[in-house]
Ligand code: PBG
């Protein structure tokens, strides 16, 4: 029986694995990945993070071991978060050259000169109240008073050898303040990756256990964006670019693929990173450990989707594992 309707034959394009690979529009590569690590001072420390199976809080020597094996698999970029020795109201330890991020940066750069070390610049891990900035007596986060502290932290990371500093506090003007601070300190080569469009997200839950950074009162909704916003994300990104950011970011990734797509189309010349956050990682880990999802294929599908949406770089706790799955490149 012949149909009066014409139709295209698209199935032959995907008939074999070879054809599927040849026709792939999106190819996820190890060089797209950035591996986040949680560092603390000491030696021989490797404390499992319950809410993030497979991830640990590590001392700098163990960070060198873990990064060493990731490097073997082709991972060449890491992002460091610090667990400080002490906390206070103004996050003083954030810019201490003897603190974990600074020490680990020095160690990693001396062991792996080719490794790109990115450092998270924020106060939430360093303040006793857990907010990303200074808090006024009436409980508000003081934007402008926070800026010099973020700049000082960034300078101390650059002093330690960080290649890229990544401010995640969502304070207005943070990229400009950090740029000025770096320039005054003679760090003109240090790059800035703005966490430009960072949403207030439930998907950060496991991270707050990992980084011991949960706010002790209130929440972050007065500085992180609401999930209802899309145009506002473009304004945040524009502001970061105007302030001198070298990289822009959308965070989280999976629930914000439309924002990644818009950003990549609107700012095609800017390298765009997307943060596949802790909750996105832990959800796959939990489901796969119950046998409800296949870990390898679901993780690779998720990472490929984030790249397909338009991101150039994907920050993910799956990085070392994905590197092994993808096979070494380069
Ligand atoms: C700190 C910061 C957070 C994350 C990265 N930097 C937590 C937050 O804003 O509460 C989340 C990362 C993740 O969930 O993997 N400002």
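The values are calculated or read from the model by the stated rules, or taken from the named source; none is laboratory data. Because the structure is a prediction, the values reported are computed rather than measured. When we count neighbours, we look across all protein chains shown, and the Cβ atoms used for this are built from the backbone with ideal geometry, even at glycine.
Can we say residue 239 is part of a helix (DSSP H, G or I) and either within 16 Å of the ligand (Cβ to nearest atom) or on the phi > 0 side of the Ramachandran plot (or both)? In short, no. Just the residues that are in contact with a helix residue (DSSP H, G or I) (Cβ under 8 Å, 6 or more places away or on another chain), within 16 Å of the ligand (Cβ to nearest atom) and under 17 Å from residue 37 (Cβ atoms), please, taken from the stretch 286-330. Hits for the stretch 286-330 are 313, 314, 316, 317, 318, 319, 320, 321, 322.
Within the stretch 266-275, identify whether any single residue is free of Cβ contacts under 8 Å to residues at least 60 places away in the same chain, within 13 Å of the ligand (Cβ to nearest atom) and crowded, with 18+ Cβ neighbours inside 10 Å, and answer yes or no. Within the stretch 266-275 (the criterion being free of Cβ contacts under 8 Å to residues at least 60 places away in the same chain, within 13 Å of the ligand (Cβ to nearest atom) and crowded, with 18+ Cβ neighbours inside 10 Å), the answer is yes, since at least one residue qualifies. Residues that are in contact (Cβ under 8 Å) with a residue 40 or more places away in the chain and surrounded by fewer than 18 Cβ atoms within 10 Å (Cβ to Cβ) were ranked within the stretch 120-142; the one that is nearest to residue 36 (Cα to Cα) is 128.
Candidates are the residues of the stretch 196-224 that are outside any helix (DSSP H, G or I) and in contact with a helix residue (DSSP H, G or I) (Cβ under 7 Å, 6 or more places away or on another chain); the one that is nearest to the ligand (Cβ to nearest atom) is 214.
So if I check each of 249, 234, which one is more than 16 Å from the ligand (Cβ to nearest atom), modelled with pLDDT of 95 or more and buried (at least 16 other Cβ atoms within 10 Å of the Cβ)? Write out each step before concluding.
On the way: 249 fails: more than 16 Å from the ligand (Cβ to nearest atom).
The match here is 234.
Consider residue 156 against the criteria (1) on the phi > 0 side of the Ramachandran plot; (2) more than 12 Å from the ligand (Cβ to nearest atom): it satisfies all of them except one. Which criterion is unmet? Every condition holds for residue 156 apart from (1). For the stretch 113-128, check the following and say yes or no: at least one residue is out of contact with any helix residue (DSSP H, G or I) (no Cβ under 9 Å at 6 or more places or on another chain), away from the ligand (no atom under 14 Å from the Cβ) and within 23 Å of residue 204 (Cβ to Cβ). Yes, there is a match, as at least one residue in the stretch 113-128 is out of contact with any helix residue (DSSP H, G or I) (no Cβ under 9 Å at 6 or more places or on another chain), away from the ligand (no atom under 14 Å from the Cβ) and within 23 Å of residue 204 (Cβ to Cβ).
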